[in-house]
Amino acid sequence: MKISKLEQIILHNSSKVNLNRAKHILNNKELLKFNISKIDNVYNIYGNFKSENKLQTCNTHLKIDFVEEKIIFAKCNCSMFSEINYQNKTYLCEHLISTGLRFVEEVKKKLNNRTTNKDKFRIDKNILNELDFFRCKDSNNLAEKEECGLKYKRKKLEINVSISEVKENNSKCFDVSFFVGTNNMYSITNIKEWAESIINSKEYYIGKGLVYTPKKYYFSKADEELLEYIYEYTLFSDNENNERIIRIPNEILRRFLEKLLKKKIKLNYNYQTYITEVKDENVPLSFTLKQINDNYILTTKKYFLFH
Ligand SMILES: [Zn+2]
């Protein structure tokens with residue numbers, strides 16, 4: 001929805017008298033509390049005003065549907081509203097208009113702060129996202145704020161995994177190394193320290209230009225679990241001489257791969273390098289059965305790695 005449209009739907013439902021009173025209310029700072037919450041495409045805007053008799057306060061609730069582009073609910077507990085509302089469902093008393101105007105004003109302020117003149121043409125396009133951001137800032141709900149923070153402020157860091165087969169003393173194991181970043185991926189040079197820092201929400205220098213802090217970055221839920229597994233693993237393995245890798249014995253590779261489900265990994269196996277995704281499902285095998293004279297020949301062209 002365009003900001004001009006938002007302004008219009010509020011003014012469209014206002015009488016001139018109430019509009020002037022609303023402006024007076026805002027100028028006199030009679031709007032004491034103001035809150036916004038959003039459910040799907042509907043914005044709930046709440047206001048709390050000094051009332052006529054100064055003994056009680058007035059509460060407003062305005063619901064605007066951003067897809068339908070209209071006010072779908074309006075309520076105020078002032079005497080004017082209860083008198084007139086019987087005839088007109090979207091009657092806006094002076095408090096409701098104030099609530100609407102304040103909403104528009106805050107949105108504009110928010111947009112102006114976040115855009116330069118050059119970007120002004122994008123304002124209308126971005127208004128829904130901007131409003132989401134705005135809601136986060138003003139929300140009283142900590143969980144919601146946290147969720148918004150994830151979405152708008154913090155950047156997600158990806159973990160790439162590289163696994164190389166190692167043959168040593170007749171036993172087989174795998175060396176695992178990790179790369180972290182957003183676009184540029186940095187090799188982790190001390191896996192234990194890295195995992196420990198992230199789990200404990202501590203700042204960690206990953207590479208030039210990338211310092212992990214919980215305020216700026218986050219990992220997906222699956223990667224957080226992977227980090228915990230890695231950290232626990234480093235506590236019990238004795239690979240102190242090379243901090244860049246963890247060495248996984250063949251016997252526990254399956255358990256480790258379970259932590260990497262759906263992740264793209266780089267696998268070096270039998271002197272070949274594969275970029276592949278870890279799957280937990282039946283292998284899509286197909287066979288060809290041929291009869292040649294009295295014999296049957298069963299073949300498959302596909303090649304898989306099993307453990
Ligand atoms: Zn009212």
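The values are calculated or read from the model by the stated rules, or taken from the named source; none is laboratory data. For clarity, every value in this text was computed on a predicted model and none was experimentally measured. All Cβ positions, glycine included, derive from the backbone under ideal geometry; neighbour counts span all protein chains shown.
Can you tell me which residues in segment 83-96 are modelled with pLDDT under 85 and outside any loop (DSSP other than H, G, I, E, B)?
Correct list: E83, I84.
Any chance you could count how many residues in segment 31-82 are away from the ligand (no atom under 11 Å from the Cβ) and in a loop (DSSP other than H, G, I, E, B)?
Going through segment 31-82 one residue at a time, the tally reaches 10.
If a residue has to be exposed (fewer than 15 other Cβ atoms within 10 Å of the Cβ) and part of a strand (DSSP E or B) to count, how many in segment 190-239 make the cut?
Total meeting the criteria: 2.
Out of curiosity, is N27 at pLDDT 90 or above, more than 32 Å from the chain's Cα centre (by Cα) and loosely packed, with under 13 Cβ neighbours inside 10 Å?
Yes, satisfied.
Give me the residue from segment 240-282 that is among the hydrophobic types (A, V, I, L, M, F, W, C) and exposed (fewer than 15 other Cβ atoms within 10 Å of the Cβ) and, out of that set, farthest from V180 (Cα to Cα).
For segment 240-282, the residue satisfying everything is I252.
For segment 1-30, give me the residue count where each residue is within 24 Å of I84 (Cα to Cα) and outside any loop (DSSP other than H, G, I, E, B).
Here the count works out to 18.
Could you list, ordered by first residue, the pairs with Cβ atoms under 8 Å in which the first is in segment 2-17 and under 15 Å from V67 (Cα atoms) and the second is assigned to a helix (DSSP H, G or I) and not β-branched (V, I, T), at least 6 apart or interchain?
K2/D124; I3/K108; I3/L111; I3/D124; S4/D124; L6/F103
Which of (1) under 29 Å from W194 (Cβ atoms); (2) at pLDDT below 90 does N282 not meet, given it meets every other one?
(1)
Give segment 91-110 a look and list any residue that's away from the ligand (no atom under 13 Å from the Cβ) and among the aliphatic types (A, V, I, L, M), or say none.
The initial filter retains those residues of segment 91-110 that are away from the ligand (no atom under 13 Å from the Cβ), namely 101-110.
Correct list: L101, V104, V107.
Please enumerate the residues belonging to segment 276-290 that are among the hydroxyl-bearing types (S, T, Y) and assigned to a loop (DSSP other than H, G, I, E, B).
S286
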